[in-house]
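**Student:** Following this message is one structure expressed as structure tokens.
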Amino acid sequence: MSEPFNPGLKGKTVIVTGGAAGIGKSMSEGFYQRGANVVIADLKDAVSAAKSIDPTEQKVRGVEVDVRSEASIQAAIAQTLSCFERIDVLVNNAGIATGIPPRPFHEIDPEEWKNVYDVNVIGIFRSCRAVVPFMEKNGGGRIINIASAAAFKGVPYLLHYVSSKGAVLAMTKSLAKELGEKNILVNAVAPGFTLSESVLSNEGQMTRSKGISLQGRAIAREQYPADVVGAVLFFASNDAAFITGQTLVVDGGTYLH
Ligand SMILES: NC(=O)c1ccc[n+]([C@@H]2O[C@H](COP(=O)([O-])OP(=O)(O)OC[C@H]3O[C@@H](n4cnc5c(N)ncnc54)[C@H](O)[C@@H]3O)[C@@H](O)[C@H]2O)c1
């Protein structure tokens, strides 16, 4: 028999990459509120973000990490283990998104393409590779990848970004097949256009995407980081114990499948 319904994540240790801002910070707060130990692993502002959620620093810790570097990820994992002794959940949220200037595909510099993939795709691969052995030691774990509804809908002028998120969906399925026997479940959440701080402060992106994103949305309002949190908590919970390789689109009912 699987464990009974447990709405909380008390005692679990969760790493949220890119957790210092936006969607990642909302998810970190959500995990904290449900009793988990949370490591905010971010390129910048990790410690201040952690303190803003848990001023005691007992349950939420900030760790500087660059998911483009294997050594940096290893150091972040060592810090996680020294604080909380185990790793149960990895949320691969760090991403290059908002700052990417839209361009016709033939004007995208291959170097820019590589930078986007280095964070959005290989960053996830590196983080999973580093964390899985510790999940195995615990007899299992959860990996939740943050993709994007853009990979389902197709969005012009961001071919590198959109295809990187398509790669996240494909990785989620294949890794789920590979890690099922280790009881490590791998799922993805694909948000729609979400008004995180970085999006709100990007005038160009707001002008381009805000109106369009509301068109065709069944729930006709803006999407905020907090809207994404429930799906991630679900995949981390015992309620999702027999679900793997799946993607939940959280976009207010725009892309339906
Ligand atoms: N906001 C949206 O409309 C939207 C829609 C769909 C998917 N997403 C995805 O959700 C995730 C979060 O989006 P957001 O809007 O909150 O973005 P954001 O820019 O506000 O936050 C991203 C975080 O990732 C961190 N980060 C970037 N590069 C990193 C690296 N190399 N190593 C470690 N951390 C790094 C940043 O410092 C930042 O704190 C991203 O993966 C994004 O692609 C966002």
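Bear in mind these aren't lab numbers, they're just calculated from the coordinates by the rules spelled out. Only a predicted model underlies this, so the values are computations on that prediction, with no experimental measurement involved. Cβ placement follows ideal geometry from the backbone for every residue including glycine, while neighbour counts extend to all protein chains displayed.
**Student:** How far apart, in nm, are two points set 7 Å out from the Cα along the Cα-to-Cβ line at Arg129 and at Asn115?
**Tutor:** My value for the distance between the label points is 2.3 nm.
**Student:** Would you list Glu178, Glu203 from fewest to most Cβ contacts within 10 Å?
**Tutor:** The order, fewest Cβ neighbours first, is Glu203, Glu178.
**Student:** Each label point is 7 Å from the Cα along the Cα-to-Cβ direction; what then is the distance between the points at Gln74 and Ser198, in nm?
**Tutor:** Each label point lies 7 Å from its Cα, and together they span 2.7 nm.
**Student:** Among 113-126, 11-24, how do they line up by average Cβ neighbours within 10 Å per residue, starting with the highest?
**Tutor:** The peptides rank, most packed first, as 11-24, 113-126.
**Student:** Once whole DSSP H runs in the chain are found, which of them have Cα atoms spread over 27 Å or more along the helix axis and a mean Kyte-Doolittle score of at least -1.0?
**Tutor:** Correct list, ordered by number: 159-179.
**Student:** Can I ask one more? If you put +1 on each Lys and Arg Cβ and -1 on each Asp and Glu Cβ, how big is the dipole of the stretch 13-250 around its Cα centre, in Debye rounded to 20?
**Tutor:** Value, rounded to 20: 480 debye.
**Student:** Another one. Cα gyration tensor of the stretch 107-152, axes a ≥ b ≥ c as square roots of the eigenvalues: rounded (a/c below 1.5), prolate (a/b > b/c) or oblate?
**Tutor:** Taking the square roots of the gyration eigenvalues as a ≥ b ≥ c, the stretch 107-152 is oblate.
**Student:** Let's test the formula: R0 of 35 Å, r as the Cβ-Cβ distance of Tyr157 and Ser52. What FRET efficiency results, to the nearest 0.05?
**Tutor:** Efficiency computed from Cβ-Cβ geometry: 0.50.
**Student:** Considering Cα pairs under 8 angstrom that are at least six residues apart, work out the relative contact order of the chain and quote it in whole percent.
**Tutor:** 20 percent
**Student:** Full extension from Glu107 to Glu222: what is 0.36 nm times the residue separation minus their Cα-Cα distance, to one decimal in nm?
**Tutor:** Taking Glu107 through Glu222 to full extension adds about 38.3 nm, to one decimal.
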